[in-house]
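Presented below is the structure to which this report refers.
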Amino acid sequence: MNVSINHCPICGFKTDESHASVFELRCSYDICDCCGCEYGYDDDLKFYDDWVKGGCVWFEAKVKPQGWSLDYQVKNQIRPWPPK
Ligand SMILES: [Zn+2]
């Protein structure tokens, strides 16, 4: 998959940083402000399932928008993940 990506593929949150590709994102080892996954490390669907089960606690609570809902960003999630 070789597309510009500026959202978290796990939770779908739109990030400030844009990565040229999924590969670059996964090499960044950045941490999602929303779900808190570390790309290339624990960015997997088990992490996501556990995060949802745990009540979607934000990694950086201070950037959480007012009235945030996971429903707004599920369209940005990339499934299956990781891509082949
Ligand atoms: Zn995320």
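Bear in mind that the values in this text are calculations on the coordinates, not laboratory data. Source: prediction; values computed, not measured. FYI the Cβ positions are ideal-geometry reconstructions off the backbone, even for glycines, and counts take in every protein chain you see.
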>> Show me the GluC sites (Glu not before Pro) within the chain that DSSP assigns to loop and that have at most 11 other Cβ atoms within 10 Å of their Cβ.
In response: Glu60
> When the label point is put 7 Å from the Cα of Tyr29 along its Cα-to-beta-carbon vector, which residues of the stretch 39-60 have a backbone N closer than 18 Å?
Replying inline: 39-44
> With springs only between Cα atoms under 10 Å, which of Asp16, Asp44, Asp33 fluctuates most in a Gaussian network model of the chain?
Replying inline: Asp16
>> Please give the charge dipole size of the chain, origin at the Cα centre, charges +1 on K and R Cβ atoms and -1 on D and E Cβ atoms. Round to the nearest 20 debye.
In response: 300
>> Counting only other residues whose beta carbon sits under 15 Å from that of Lys64, what net charge do I get with K and R as +1, D and E as -1?
In response: -2
> Within the chain, how many lysine pairs that are 8 or more places apart, or on different chains, have C-alpha atoms less than 22 Å apart?
Replying inline: 12
> What value, in deg cm²/dmol to 500, does the helix sum -39500 (n - 2.57) over DSSP H runs of n ≥ 4 give at 222 nm once divided by the residues of the chain?
Replying inline: -5000 deg cm²/dmol
